[in-house]
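Working notes for the structure below.
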Amino acid sequence: MGTEEIIETLRKKFERVSGVLDERGRRVWAAAEAEALGFGGQSLVARATGVARTTLYREQVRQASDQSALPGRRLRKVGGGRKRLTEQEPALLAALEALVEPTTRGDPENPLRWTCLSTRQLAAALNQQGHRIGRQTVATLLDQLGYSLQGNQKTKEGSSHPDRDAQFRYIHGRVEEFQRRGQPVVSVDTKKKELVGDFKNAGREWRPKGDPEPVRVYDFVDKALGKVNPYGVYDTAANVGWVSVGVDHDTAEFAVETLRRWWLKMGRLRYPAATELLVTADGGGSNGSRVRLWKVALQRLADETGLQITVCHFPPGTSKWNKIEHRMFSHISMNWRGKPLISHEVIVNLIANTTTKTGLKIEAEIDVNLYPKGLRVTDEELEKINIQKADFHGDWNYTILPSL
């Protein structure tokens, strides 16, 4: 049994016994479980129950010396004892998140996140801000925020650009600036192509024993159904998203059409006073920084909506750190695991019914338009784009204004 499974089992057991035991009984039960688990048991039980490791240690010492059997031990009143730090200082979690967020990284297919800052460094930084906190409490709060301590993993897609970290800081600053002014910020990307039909889909789902879903043995493309290209737009502040399920090629026109549909059906309703839009995107693919058609299509969108569209591209080799990957696409993949994508309607419904504990909501629809490949943009067409390049890496950061 893995660590997370042990913690979940302990959590369920604690929920059952905590309602019938007093405070003393809960401590005795938790300490006994920690002792039964052996090395590392205190940490696991503490994460599952919220009982401090120091409390578990003291209780184990009492049990070992048979002090727990002494009669007439006083119990605290309900609600007694020291309040949690997050109750004493409501701004503590936000302060910790602010320290971690600019350097957040992780496996985009895993909803957990991790940070390269150590708990000692984070505790020291929080103490400098006036929060009295130790490294162990920082670790507990990071776990509550969805972070985990992980080792290295081979995920780099290419060589590291010398301005990589500077670009991440630039994007983070622009995102904060737009959100502070109430202007929409979205993350865009293409999910991997999916076969449509009764093909095997990775993962498992609950079914009657001995009755697995029958699928094809070979994954040859069904000529009638083909493949689909899900292209997504994720609103980072509202935690909502839009996915267009394209049936033709994944081109820059398709990408911008998806952005247009998001704006018409979701964006302008949520941001009626918006005059600007910030788009964070990968440096390559249909929305690449060097793709001329991407900029031409964005100019048409700016003219139609009247929005000033600012684009910030992630540097080379960092596309997996795009927020849409681990905050939306990963949850879609988990929602349809083990389910054959037998039709376009099934795909749309599975995407639209993807939810998370944090309130993620997604809308989706099929895009049956044709998007031919190989369209060329001339130098004359490129010169007509009303573009303003940023002082820092204008090839990655630019704003397209509505035509005069």
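Bear in mind these aren't lab numbers, they're just calculated from the coordinates by the rules spelled out. Remember, it's a predicted structure, so these values are computed and weren't measured experimentally. In this analysis, Cβ positions are derived from the backbone assuming ideal geometry, glycine residues included, and neighbour counts consider all displayed protein chains.
Miscellaneous remarks
- Among the listed pairs 223/295; 361/389; 357/389; 13/320; 227/384; 191/389, those beyond 31 Å (Cα-Cα): 223/295; 361/389; 357/389; 13/320; 227/384
- In terms of other Cβ atoms within 10 Å, 92, 382, 401 run from fewest to most in the order 382, 401, 92.
- Order of 198, 367, 379, 219 - criterion: other Cβ atoms within 10 Å of each residue's Cβ, fewest first: 379, 219, 198, 367
- Across segment 381-398, computed HN-Hα scalar couplings (Karplus, 6.51 cos²θ - 1.76 cosθ + 1.60, θ = phi - 60°) run 5, 5, 5, 7, 6, 8, 10, 10, 8, 5, 5, 9, 6, x, 6, 9, 10, 7 Hz from first to last residue, x flagging Gly and Pro.
- Neighbour counts of C-beta atoms inside 10 Å place 330, 160, 65 in the sequence 65, 160, 330, starting with the fewest.
- In segment 248-343, trypsin sites (Lys or Arg not before Pro) in a DSSP loop with at most 13 other beta-carbon atoms within 10 Å: 290, 337
- With the highest mean first, a sort of the peptides 224-230, 384-390 on other beta-carbon atoms found within 10 angstrom per residue produces 224-230, 384-390.
- Length added when fully stretched, residue 379-residue 179, from 0.36 nm per residue minus Cα-Cα: 68.5 nm
- The share of C-alpha pairs in segment 3-69 whose separation exceeds 15 Å stands at 45 percent.
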